[in-house]
Structures are given as structure tokens and as C-alpha cells.
Amino acid sequence: MSAVRFVAHGLVQGVGYRWFVWREAERLGLRGVVRNLPDGSVEVIAEGVTEALDRLERALSEGPTVARVDRVEKTDVPHDVKLPNSFEIN
């Protein structure tokens, strides 16, 4: 199991992006959290198998139809970060 932090930039707040992420993460069997950041971006911290994380990354780059995703940054998350047992929207 791997944990990854994604930050999506563009028009990603106020367009259902967090709900889109939640649905995708649930469908892929991931656990973690998604939240809006003060700078207008959206942070996603997810844990699961590598294939599911890769699929989530592709979905994050597309977003829901009303979003405009300019870029998605990806970084690894240390193993000692505490994540919820499911996927949550904060």
C-alpha cells in the first residue's frame, strides 16, 4: 500500500470537484481525505494499491465536466501519516 498527496490547481473549487474525488476514491477502494486549500486548489491524500492511485491521478487531471484542471502535483506521503479508514471530504 502506498500513500500519495495530490494538489489539483485550476478551477477546482465550487464545481463539485471534492464530491467527484470522493466518488472516484470510493469506487477505487482508496482511503484518505480531500479538502479545499486557501489558495483555491484542492488537496487529496489517498492510500491504496498503486494501480488504484494511478487511476485516481488520471481522474483528478480530468475532474468533473464543469471543472478546469490546469495541473496536478503529486508527492509521496510518509507512512506515519494517520488517514481515516474510509475516504472523507473535509
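Every number here is computed from the coordinates shown, using simple stated rules; none is lab data. Being a predicted model, the structure only gives us computed values, none of them experimental. Cβ atoms come from the backbone with ideal geometry, glycine included; neighbour counts cover every protein chain shown.
Brief remarks on what is shown
- Selection within the range 32-85: residues that are in contact with a helix residue (DSSP H, G or I) (Cβ under 8 Å, 6 or more places away or on another chain), in contact (Cβ under 8 Å) with a residue 60 or more places away in the chain and not basic (Lys, Arg). The member of this set that is nearest to residue 1 (Cα to Cα) is 72.
- Only one of the numbered conditions (1) farther than 15 Å from residue 88 by Cα; (2) surrounded by 18 or more Cβ atoms within 10 Å (Cβ to Cβ) is violated by residue 25, and that is (1).
- For the range 1-19, the set of residues classified as in contact with an Asp or Glu (Cβ under 9 Å, 6 or more places away or on another chain) and surrounded by fewer than 22 Cβ atoms within 10 Å (Cβ to Cβ) consists of 1, 2, 3, 4, 5, 7, 9, 10, 11, listed by residue number.
- Taking strands (runs of 3 or more DSSP E) as the structural unit, those lying wholly within the chain and holding at least 1 residues that are in contact with a Gly (Cβ under 6 Å, 6 or more places away or on another chain) and of a type in the set (A, V, I, L, M, F, W, C) correspond to 42-48, 68-76, 87-89.
- Only one entry of 35, 18, 5 meets the criterion of being more than 23 Å from residue 79 (Cβ to Cβ) and of a type in the set (D, E, K, R), and that entry is 18.
- Cβ pairs under 7 Å, 6+ apart, first in the range 10-27 and farther than 19 Å from residue 87 by Cα, second basic (Lys, Arg): 10/68; 11/68
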